[in-house]
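Colleague: Below is a structure I'd like to ask you about.
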Amino acid sequence: MNLRTAFAAFLVATFLIGGMPTRPLAAQVSPKSSFGYADFSDEAKLEEKFLAVPDAKLAGEELKTLTAEPHLAATPEDHRTAEYVARKFRAAGLETQIVPYRVLLNWPKVVRVEAYDPAGHLLMSGPTREHVEGDPQQDDPRIVMPFNGSSGSGDVTGEVVYANYGRFDDFNELAAQHIDLHGKIVICRYGSNFRGVKVYLAEQRGAIGVLLYSDPQDDGYYKGDPYPIGPWRPETAVQRGSVQYLFRYAGDPETPGVASTVDLPDSARIKNYEGPNGNQPHIISIPLSYHDATPILQALKGPGVGQGWQGALPFRYHIGPGGVKVHLVSQQDYQRRIIWDVVGKIEGSLDPDSWVIVGNHRDAWVYGAVDPSSGTAAMLEAVHGVGALLRQGWRPKRTILFCSWDAEEEGLIGSTEWVEQQGQVLDHAVAYFNVDVAVSGPDFSASAVPSLKEFIRDVTRSVPSPVAGTVFQQWRLNRSAGNEHRGSNAPPIEGEEVHVGDLGSGSDFTPFLQHAGVPSTDVSSTGPYGVYHSTFDDFAWYTQNADPHFVYLQEMARVLGLEALRMADADVLPYDYAAYAREISAYVEDAKRRAGDAGLGSLDFAPAESAAARLTAAAQRAYALESAPSGNLAKLNLVLRQTETALLSETGLPHRPWYRHTIYAPGEFTGYSAVVIPGVNEAIDAHDLTRAAQQLAVLTQALDRAAQTLEGAR
Ligand SMILES: [Zn+2]
């Protein structure tokens, strides 16, 4: 703990005395005005009524119900959670439907790992059952054995090579050391990039199988006490997860761009989803605990690891090959299975075709107390609050949809199929507000498209924090304390009170923003969380470590609900394109520098720079109009909404046409974190001058289109 964090802890401790667990709403400062509203006074009263409803105790009961059984997508237990959520939506007065899709999912029949020394002696066989002292839910026979969604099937034996985090640079380092991966089994630790990227890079380099393990350095005892003493990963806990090639496209592997409705004929489903354009690996991938990875890594010979490759297991790591062979067996039962989204609707009174969408997935690898049930409980309490307003006769101006997605864990499937089914209808969706891992601790963080970054800051200025003051004030305090558990977000950049991150991937905003061009946000409240995707992400872990009084579920319910209300009722859509244009200009300048560094100095950035300048000018004029809303607001709103759509390109990104947004995509080699102006930057990374020039032209056209659209504002 450094001095500044010690000071923050002192402040928190001071506020806590006598303050927990519930706090009156007096701490909240009701704003007198809000961007996008000519007169905010009625809305401010409405928001106050809403904020009084979400209830911590009820949220805790909802979380307990949602986590009572393992509820992997497409299981009967998952269907029961769909019915539960649908009942809650209906009770609040939402017009509710359970929407099924038929999608390809693998369930494991056999997963086995055995390691042998050169003399043929068995060093380990696994996976070892996940077990700790005293967890009440760990022995349920319905817990699915550790496996990777989208793993191939097969039976392979090979020498082992350690590839650190399995990043692009890690594999390049192995190549530089002349370590050939053909016929090898690669072992990588989790962390730093999306697991599907690790498998993709290993497959490209000829590996026949991949072991993905959780190193204690990244989320185990090196960080702090493991569960059940503390929140960090215990020895036998395994991170399940999808290894889908999400950077190609999200959703059902058989239906890119098409909705997998239950009656979609098999002839309309593609077969080559393991091919160069598909989103499935064909090699085996198996996740391991550090208990099971230890004998393999300890026996591994070959060169010792260099800087940044040593983990926290108590011996020196070696790269291999040599010293150990492993035998992997993976029998995956691939079937088209039925999944269930739940969609609850409140018809808008003035502009019913404009949709404000709130979404969270419901399926979990096991119990999913944090991921995603904390999000579902928060959403249910937001719905509870909105339901109370409905009973008092209120109607939103725009339509609000609350959506509970299925099969997110296997590859954002429920949300993607739904987005693909809506098609052009989503051109009128004014916002998508995502929540997934809603609460793993007390530290608020957010990511958003730049036009909504100030919007999300504003919303948090109106929501009381369970500690003291507002969520915004705690967020800012936490930033200045340099808290290390703040999810994906970087420290604030100069001039920003708090930093709002960029949207990469790894949750259900991806189809909305990056495929359909719907302005999106993602929020969470984070803390030390070492049980991600293991059996121990359960109710007992949650109440011990994350949020014993469920006050952060209440906080997140208020944030989500307020996002929806404020967006649905605004006179003018509160998008800040001036901020968007500023970020785009910075991305263009940065790409220009990177091109110079990569020896592509002959690329002409002038057209893109002038298109960005034109967008900036148009955005500043639009901002002035939005600040004093009057006249034909329907026209202004239409123009504002179409500006985001104008940033989509019809052809999509090279090699991955499903990704159509020219400003944001999940990185081909990072997966979770956003690559900005991806067409251009990825061509620069590949040192491909021709492609970089083409992609600069595509970007310039998109910026010109957006500028021209926005110039229509008056
Ligand atoms: Zn999740």
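The values are calculated or read from the model by the stated rules, or taken from the named source; none is laboratory data. Model, not experiment: these values are computed from the prediction. Every residue, glycine as well, gets a Cβ built from its backbone with ideal geometry; the counts of neighbours run over all protein chains shown. Note: areas computed on protein heavy atoms with side chains; ligands, DNA, RNA excluded. Shrake-Rupley method; radii C 1.70, N 1.55, O 1.52, S 1.80 Å.
Colleague: What lysines does LYS45 reach when the alpha-carbon gap must be under 17 Å and sequence neighbours fewer than 8 apart in one chain are set aside?
Modeller: By straight Cα distance, LYS45 reaches LYS32, LYS397.
Colleague: Now for a separate question. So what's the gap between the Cα centers of the range 129-169 and the range 688-704, to the nearest angstrom?
Modeller: 41
Colleague: When only the heavy atoms of the protein chains count and the probe is 1.4 Å, how do GLU496, GLU235 rank by accessible area, highest first? Before the final figure, lay out the partial values.
Modeller: Numbers: GLU496 45, GLU235 95 Å².
Order by accessible area, largest first: GLU235, GLU496.
Colleague: Heavy atoms only, 1.4 Å probe, whole protein assembly: order VAL676, VAL85 by accessible area, highest first.
Modeller: Output order, biggest surface exposure first: VAL676, VAL85.
Colleague: Under 19 Å from the Cα of LYS325, which lysines turn up, not counting those fewer than eight places away in the same chain?
Modeller: Those lysines meeting the cut-off are LYS184, LYS301.
Colleague: May I pose another question? Which angle between 0 and 90 degrees, to the nearest 10, do you get for helix 413-422 versus the longest principal axis of the chain when only C-alpha atoms count?
Modeller: The two axes meet at around 40 degrees.
Colleague: Sticking with this one: On the protein heavy atoms, probe 1.4 angstrom, tell me the percent of accessible surface of the chain carried by carbon and sulfur.
Modeller: 53
Colleague: A further question on this structure: Output the 0 to 90 degree angle, nearest 10, between the alpha-carbon long axis of helix 471-480 and the longest principal axis computed from the alpha carbons of the chain.
Modeller: Compared with the principal axis, the helix lies near 50 degrees.
Colleague: Provide the solvent-accessible area of HIS121, counting protein heavy atoms only and rolling a 1.4 Å probe, rounded to the nearest 10 Å².
Modeller: Number for this one is 110 Å².
Colleague: Just to confirm the number: angle between the C-alpha axis of helix 290-299 and the first principal axis of the chain, 0 to 90 degrees, nearest 10?
Modeller: The angle comes out at about 40 degrees.
Colleague: Can you give me the Cα centroid spacing of the range 355-382 and the range 539-611 in angstrom?
Modeller: Measuring centre to centre over Cα atoms gives 21 Å.
Colleague: Mind checking the dipole of the range 179-284: about its Cα centre, +1 per Lys or Arg Cβ, -1 per Asp or Glu Cβ, Debye to the nearest 20?
Modeller: 220
Colleague: Quick one: which of LYS57/LYS88; LYS64/LYS88; LYS109/LYS198; LYS57/LYS223 span more than 21 angstrom between C-alpha atoms?
Modeller: LYS109/LYS198; LYS57/LYS223
Colleague: May I pose another question? Out of GLN138, TRP107, MET124, whose Cα points farthest toward the positive end of the dipole of the range 96-140 (charges: +1 Lys, Arg; -1 Asp, Glu; placed on Cβ)?
Modeller: Going by the charge dipole, the pick is TRP107.
Colleague: Compare LEU123, LEU636 by solvent-accessible area with a 1.4 Å probe and give them largest first, with all protein chains kept in place.
Modeller: Working: LEU123 65, LEU636 5 Å².
If we order LEU123, LEU636 from most to least accessible, we get LEU123, LEU636.
Colleague: Now a separate question. So for the chain, taking the charge dipole from beta-carbon charges (+1 Lys/Arg, -1 Asp/Glu), which of GLY306, ILE284, ILE338 sits furthest toward the positive end?
Modeller: GLY306
Colleague: Hey, another quick one. Per residue of the chain, what 222 nm ellipticity follows from adding -39500 (n - 2.57) for every DSSP H run with n ≥ 4, rounded to the nearest 500?
Modeller: Calculated from helices alone, the mean residue ellipticity at 222 nm is -10500 deg cm²/dmol.
Colleague: Got a number for the accessible area of SER415? Probe 1.4 Å, square angstrom, nearest 10.
Modeller: 0
Colleague: Leaving out ligands, DNA and RNA but keeping every protein chain, what accessible area does ARG558 have, in Å² rounded to the nearest 10, with a 1.4 Å probe?
Modeller: The accessible area comes out at roughly 20 Å².
Colleague: Using only Cα atoms, locate the centre of the range 59-99 and the centre of the range 254-323, then give the distance between them in Å, rounded to an integer.
Modeller: Cα centroid to Cα centroid, the span is 32 Å.
Colleague: Accessible area per residue for the chain in Å², computed with a 1.4 Å probe and the full protein assembly in place, what is it?
Modeller: On the way: 25390 Å² over 714 residues.
In whole numbers, the chain has 36 Å² accessible per residue.
Colleague: Rounded to two decimals, what is Rg over Rh for the chain when you use alpha-carbon atoms and the Kirkwood radius?
Modeller: Rg divided by Rh gives 0.96.
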